[in-house]
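Colleague: Quick one: the structure is below, questions incoming.
The values are calculated or read from the model by the stated rules, or taken from the named source; none is laboratory data. Since the structure is predicted, the reported quantities are computational estimates derived from the model, not experimental observations. Cβ placement follows ideal geometry from the backbone for every residue including glycine, while neighbour counts extend to all protein chains displayed.
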Amino acid sequence: MEILKGLYKEFDQAHIQKQLLLERRIRITIMSLLLGSLLFTTIYGTLQNPFQYTFSKIGNIFNNRALFIVWAIFTGLSIQTCVLALFRLEQYHLKIAYKFIVISTIFLITSTITPALAETYPLWTWVHIITAGLYGLFLSMGIAPFIIFVSKENPRLRFSIKIWAIIVWAGSISWMFILGNTGIFELWFFGSVILFLLYLSLTLFEERIVKRSIMLLKGETDLN
C-alpha cells in the first residue's frame, strides 16, 4: 500500500510539473502575441496622421491594403487566442462567449478585405462599416460576461477590472464623441483592449502558476 501511495504521489507531481510547464509556455506565447499586436497596431495606426485618417483610410487611400489585411489577421487572431486561452484557464464554460469571440475575428478580417472607398465602392464601404462595428460589438459581448465572472471568482481583482473596463469602453466612446471615427479612436480601442488582456493574462496565469508551484512543493492536490 505504501508503495502504491508513493507511486501515486510521484505520478501526481509529474502531472503537476507537466501542467506547470505547459501554462508557462502558453503565458509566454500569449504575451508575445499581444505585445506584437500592440507594436503592429501602433506602427500601422501612425503611418499617417491618426487625428485625420482612420485605419481604413490608411489602408485604402494610401495603398496599404495588404498591410491592413495582415494587421487585421494578426491582431484579430492574437486577441482571439488570448481570450480563448483565458476562458480555458479560468474554466469558463459559457459556449456562446466562445462563438462571439470567433465571430468577432471573422468580422474584423472581413471589414479589412472589403474596399472602403465611398465614391468608388459605396456598397462595399457600408459592408466595411457594418462589419467593423459588429467586430467591436461581438468582441464586447464575448469579453464582458467573462470579466464579470472573473470579478466574482477573484474579488481582489474587481476594482482593477472596473478601472480597465472604464478605460477601454468609456474611453473609446469618449474619443468617438470628441473626435469622431478617427485613427485615435481606433488606436485607443485596440491599444486599451490589448493592454487589458496583457494585464489579465499576466495576473491570472501568474496566480495559476504560483498555485501549481505550491502544490508541487507541498505535494497537495487542493489548495482552496
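Colleague: Which condition does residue 25 not pass, out of (1) over 23 Å from residue 117 (Cα atoms); (2) at pLDDT 95 or above, if it passes all the others?
Modeller: So residue 25 meets the others, but not (2).
Colleague: In addition: Looking for whichever is at pLDDT 85 or above, assigned to a helix (DSSP H, G or I) and within 30 Å of residue 57 (Cβ to Cβ) here; the options are 192, 201. Which one fits?
Modeller: Exactly one of 192, 201 is at pLDDT 85 or above, assigned to a helix (DSSP H, G or I) and within 30 Å of residue 57 (Cβ to Cβ), namely 192.
Colleague: Among the helices (runs of 4 or more DSSP H) confined wholly to segment 35-124, which include 2 or more residues that are in contact (Cβ under 8 Å) with a residue 12 or more places away in the chain and under 27 Å from residue 25 (Cβ atoms)?
Modeller: In segment 35-124, the matching helices (runs of 4 or more DSSP H) lie at 65-89, 95-113.
Colleague: Given the conditions (1) at pLDDT 95 or above; (2) surrounded by fewer than 16 Cβ atoms within 10 Å (Cβ to Cβ), report the number of the one that residue 97 does not fulfil.
Modeller: (2)
Colleague: Every residue in segment 97-118 that is more than 28 Å from residue 206 (Cβ to Cβ) and within 17 Å of the chain's Cα centre (by Cα), please.
Modeller: The answer is 99, 103, 106, 107, 108, 109.
Colleague: Counting only residues that are out of contact with any Ser or Thr (no Cβ under 7 Å at 6 or more places or on another chain) and of a type in the set (D, E, K, R), which one in segment 159-207 is farthest from residue 24 (Cα to Cα)?
Modeller: It comes out as 162.
Colleague: Answer yes or no as to whether residue 58 is hydrophobic (A, V, I, L, M, F, W, C) and buried (at least 21 other Cβ atoms within 10 Å of the Cβ).
Modeller: yes
Colleague: Which one of 114, 54, 131, 120 is at pLDDT 95 or above and among the polar types (S, T, N, Q)?
Modeller: After ruling out the rest, the residue left standing is 131.
Colleague: Among (1) at pLDDT 90 or above; (2) over 26 Å from residue 176 (Cβ atoms); (3) among the small types (Gly, Ala, Ser); (4) over 13 Å from the mean Cα position of the chain (by Cα), where does residue 59 come up short?
Modeller: (2)
Colleague: Search segment 119-156 for residues being among the hydrophobic types (A, V, I, L, M, F, W, C) and within 16 Å of residue 204 (Cβ to Cβ), and hand back the single one that is surrounded by the fewest Cβ atoms within 10 Å (Cβ to Cβ).
Modeller: Going through the qualifying residues, I end up with 148.
Colleague: Are any residues in segment 176-207 surrounded by 18 or more Cβ atoms within 10 Å (Cβ to Cβ) and more than 17 Å from the chain's Cα centre (by Cα), and if so, which ones?
Modeller: 182, 183, 184, 185
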